[in-house]
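The values are calculated or read from the model by the stated rules, or taken from the named source; none is laboratory data. Not measured: the values here are computed from a predicted model. Cβ placement follows ideal geometry from the backbone for every residue including glycine, while neighbour counts extend to all protein chains displayed.
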Amino acid sequence: MLQLNKDQLIHQIRTASKKEPADLVIKNGKVIDVFSGELLETDVAITDGMIIGLGDYEGKEIIDAQGRFISPALIDAHVHIESSLLTPGAFSDVLAAHGVTAAITDPHEIANVLGANGIRFMLERAQESSIDLYFMLPSSVPATSFEHNGATLEADDLEPLFQYDNVLGLAEVMDFPAVLNADERMVAKLAMTQKHSWRIDGHAAGLNAQDINVYKAAGIRTDHECINVDEAKDRLSRGLYVMIRQGTVAKDLPQLVPLVNETNSRRFLFCTDDKYPDDLIQEGSVDYNVRLAIEHGLDPITCIKMASLNAAECYGFREKGAVAPGYEANFLLLDDLKQFSIQQVYAHGKLVAEQGHAVQEHTNSSIKAEKHPLTWPELSPSNFAIPLGSAQKAHVIEIIPNSLVTRDLVEKVSVKNGCFACSPDSDHLKLAVIERHNGLGTIGLAIVKGFEMKSGAMATTIAHDSHNLVVTGCSDADMIVAAERLREIDGGMVVVNDGKVLAELALPIAGLMTDTPAAKVAQTLKNLRQAATSLGVSESFNPFLTLSFLSLPVIPDLKLTDTGLFDVRSFQHIPVSAE
């Protein structure tokens, strides 16, 4: 947190008392007071990047707000930078353009590929950011014991990383059974964190009220996985902060906002969790959450408070979250309160974005991630055979559009020569997860429904959380072509039809990210979406982000890992055959 030396303190006191002019004064604005919920027509005086006074001030530089609203800048309470496909610098440019000047990030995606070296890469690249990027250390690398990833991080591996000033605590604890059973390795991480910090994030997907008791007793303080009001009530009553998530796949805000009221609003925050760059550019970040919550009937100032002061208090940022003396000069000039239309964005008293664009965009860095080989055996159609014998019914993973949750369907499927046969007419496709880190040769196979693909295949090396290769399609041949193309480009995303690559995005940094500018990545993603649509894939959700979460075995109901089909409710593998 911010520490001022004696000279800085004297300077701030003298400018606050008007004995010296402030560095910057914003005049003719309406300050959004997140403490009282009122609007204040007053000057805002800034010195050394800090707000030193509200009232009538003179400054070395004067900015006329022209009647605009002066809002605290926004904080994204939980986000994975890697899901933006961008490096921290490029990611921060996009966030700054949307009024976000601080984000609490969890680098467990790159950690699952490159281990502690991946976290250090993110920490070092974050120093190039125009905003404040904070890190929670991944709690579950690997995420589970029944799949293969690229690294293992124990408490002893994580503890040295607390030497970085922007490391806050322990990221989302998603291995609830390990917490429930007081697993020695998990307890070591919890205890290690509590030596350095009180900040521990939760991941309470599908947990009931009794389970939340266990989480809270373990020192966990937040949850971003609520999908309905009843779940949120359980968490609020047990003292957790509830993060209302609105990302590219998980869109929980409309279901949760009705619970927010004047009494409990202080315990709600906003987060994006996972959001693609095209959505970040077009919709926005937490500013979109604010606008959407206002559309759903919440008071605008309450929404702004949830996106600023609440998040700051949750994570112990004493100098963030408000436009008031003693707070960092992180603020927005808004043209309209209800529309939350942002004219300018200031971080630490400096203009960082204007009219939806960063003032100075990040350029490529000399800091490089270590090379990661993509290793799997040469593939053949036999690798994609799903034996069913005489059975005609199978467990099918059903996609729920714009949700991380899936359904376990038992349906009659097509069988040929004793193996499952893809049936586009029934919307039954093959799904494969192929281990890519250590050349183990493990391949998990399943049947998926909901993509509506009529031909071809899609593949990506983004496969939460172990980030193996995940591919789906109507034909084994196209699935093989898609997989091999990703090997050639060091990871990324690809759409294939009749043996030809229709669109691709190379992600050479751990198979997760690229140094390509955000706008170009967004255009490439548009090309990928168009290519997928040409194969009949539904336009009602993001197919690649949905595909990448079908391998996440900590979100109900059915998921697929490189070791097989996994029932999250019973926490065990099950056969594809339902007979």
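Need pairs with beta-carbon distance below 6 Å; first residue of a type in the set (A, V, I, L, M, F, W, C) and within region 308-322, second part of a helix (DSSP H, G or I); sequence gap 6+ or separate chains. That search, which allows pairs on different chains as well, returns ALA322/LEU309. Identify the residue in region 364-405 that is among the acidic types (Asp, Glu) and either assigned to a loop (DSSP other than H, G, I, E, B) or over 32 Å from the mean Cα position of the chain (by Cα) (or both) and, among all such residues, is modelled with the highest pLDDT. By that ranking, first place goes to GLU378. Of the conditions (1) out of contact with any Leu (no Cβ under 6 Å at 6 or more places or on another chain); (2) of a type in the set (A, V, I, L, M, F, W, C); (3) crowded, with 19+ Cβ neighbours inside 10 Å; (4) part of a helix (DSSP H, G or I), VAL94 clears all except one; give me its number. Condition not satisfied by VAL94: (1). Does SER140 fit the bill of being crowded, with 17+ Cβ neighbours inside 10 Å and more than 30 Å from ASN213 (Cα to Cα)? In short, no. Hey, can you tell me all the residues within region 212-266 that are in a helix (DSSP H, G or I) and among the polar types (S, T, N, Q)? If the condition is that a residue be in a helix (DSSP H, G or I) and among the polar types (S, T, N, Q), then ASN213, SER237, GLN255, SER265 are the ones that fit.
Residues of region 275-286 that are surrounded by 24 or more Cβ atoms within 10 Å (Cβ to Cβ) and either acidic (Asp, Glu) or in a helix (DSSP H, G or I) (or both): PRO277, LEU280, VAL286. What about LYS251, is it surrounded by fewer than 21 Cβ atoms within 10 Å (Cβ to Cβ), basic (Lys, Arg), at pLDDT 95 or above and closer than 21 Å to LEU298 by Cα? So LYS251 does not fit the description; no.
For region 1-32, enumerate the residues that are free of Cβ contacts under 8 Å to residues at least 60 places away in the same chain and in a loop (DSSP other than H, G, I, E, B). Passing the criteria: GLN3, LEU4, ASN5, SER17, LYS18, LYS19, GLU20, PRO21, ASN28. When each of LEU123, LEU168, LEU190 is tested for being hydrophobic (A, V, I, L, M, F, W, C), in a strand (DSSP E or B) and farther than 19 Å from HIS464 by Cα, the lone residue that passes is LEU168.
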